[in-house]
Amino acid sequence: MVWEVDVHESWEGKPLLDIAEIVESSKQTTNLGGTGTGTHVLQLRGSGLFSKQPTAAERAFARSLFRLWASKIVVRRDGVTAYDGWIAKRRFDPQAGTLTLTTVEMRAAIFRVRLTYPVKRHLEGDLIVTNRGPEGAVRAILGKTLDWGYGFFIPIDKPADSAGSFSASWYWYQHLTIEDLLQQVEDTGHEVYFRPYRAAGDVARYQTVAAPEVLGETRPISLSAAQSAVTSLADEEDGARMLTGIEYQGNGTDQDALYAGSNWDDLYPGQDPTVPNRDTIRNAKDVTDVNVLRDTALADMRRDHQPTVGRKFDLQMNATVTAAWGMPGEMLETKQRADEWNDDTPKTYRVVSCTTDVGTDTLGLDIKRHGS
């Protein structure tokens, strides 16, 4: 199956036009954090959008079709939405007749700038969340941004409510963005992912996943077989973030601020660290609940007491390997022959980022080690 490239209206996700035939190039990256970007070059000259002498009506149609923020580019293959990016920049080259679009994934495009209130309604911006699970907290946060009326709606499936240990008080005068709130939930050891998908009527929607980890299907793959779909393989271990203890300073000033920390003993009671002391302090000035601060420190320690182990490789799509293999959260169980560095024990990795190019059949994967 070939790549599909479509323009959608971004607020409600309605399809506007199939533009695959005028795509000169389209390269994009999607990731778990929703901060991926894309660059799409469209050949307008000689396309079906215009007559030989472009009319004012045709120009107006093209401009309305590729509107900044109000339109988005959706790339699909094998029935999977590989990328969903909102148009942030457009540039027309009058000599070549090409329109270059720069797109950004929804979370970075919208939630980084939206406050918890509309302008002129700041007194309504408080949000208090008490004893909710990650799903319940994210549901409350989305309600604070999607339910204000015209212009605020985004086709997002809200998660179900859930009880748990997360509590937070966010006040309008802190001037926090929706992204700030989502990150506080994530900082306590959870992940929030807005997975794009094709809904009924070809509408481009987002499924909200809020969980300790975003996990997809596990797929076996051979790294060293003669006919392996894997190319450009590289191993990487990064110890830059490795720490033995983390102190957090929360809301407040100097000695009157909230403080909470976590160290090696929280993870391995009674055991000495395996590396020299690398304690540090971090700031979370927006956090007003000491329990959230403590959970944040513990979540950081669980992640940062060991090196980041990852791999980057290109995966060729074929009858078995589809675009779904490259979606963030998918699990790849790798098998390979022993070499100078690795043994032959199967290892599982999780996809955190995927780069696609409609001119190729390749998935450019950034994966991280999962489990022991």
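If only residues of the range 204-231 that are polar (S, T, N, Q) and over 30 Å from residue 6 (Cα atoms) are counted, the one that is modelled with the lowest pLDDT is 227. Whether a residue is assigned to a helix (DSSP H, G or I) and surrounded by fewer than 18 Cβ atoms within 10 Å (Cβ to Cβ) was assessed, and residue 142 does not pass this test. Residue check: residue 159 meets all listed conditions (1) surrounded by 15 or more Cβ atoms within 10 Å (Cβ to Cβ); (2) in a helix (DSSP H, G or I); (3) not β-branched (Val, Ile, Thr) but one, namely (2).
Somewhere in the range 29-47, is a residue in the same structural domain as residue 91 (by TED's automatic domain parsing), among the hydrophobic types (A, V, I, L, M, F, W, C), under 28 Å from residue 365 (Cα atoms) and touching a Ser or Thr at 6+ places or on another chain (Cβ under 6 Å)?
Within the range 29-47, one or more residues are in the same structural domain as residue 91 (by TED's automatic domain parsing), among the hydrophobic types (A, V, I, L, M, F, W, C), under 28 Å from residue 365 (Cα atoms) and touching a Ser or Thr at 6+ places or on another chain (Cβ under 6 Å).
Considering every residue within the range 12-21, establish whether at least one is under 30 Å from residue 312 (Cβ atoms), surrounded by 16 or more Cβ atoms within 10 Å (Cβ to Cβ) and out of contact with any Leu (no Cβ under 9 Å at 6 or more places or on another chain). Looking for residues that are under 30 Å from residue 312 (Cβ atoms), surrounded by 16 or more Cβ atoms within 10 Å (Cβ to Cβ) and out of contact with any Leu (no Cβ under 9 Å at 6 or more places or on another chain), one finds none in the range 12-21, hence no. Has the range 285-297 got at least one residue that is over 30 Å from residue 74 (Cβ atoms), surrounded by fewer than 19 Cβ atoms within 10 Å (Cβ to Cβ) and within 25 Å of the chain's Cα centre (by Cα)? Yes, the range 285-297 contains a residue that is over 30 Å from residue 74 (Cβ atoms), surrounded by fewer than 19 Cβ atoms within 10 Å (Cβ to Cβ) and within 25 Å of the chain's Cα centre (by Cα).
Each residue in the range 55-77 was checked for being assigned to a loop (DSSP other than H, G, I, E, B) and loosely packed, with under 15 Cβ neighbours inside 10 Å, and 4 of them qualify.
Check 85, 34 and return the single one that is surrounded by 14 or more Cβ atoms within 10 Å (Cβ to Cβ) and outside any strand (DSSP E or B).
Values: 85 fails: outside any strand (DSSP E or B).
Answer to the check: 34.
The values are calculated or read from the model by the stated rules, or taken from the named source; none is laboratory data. Being a predicted model, the structure only gives us computed values, none of them experimental. Neighbour counts run over all protein chains shown; Cβ positions are idealised from the backbone, glycine included.
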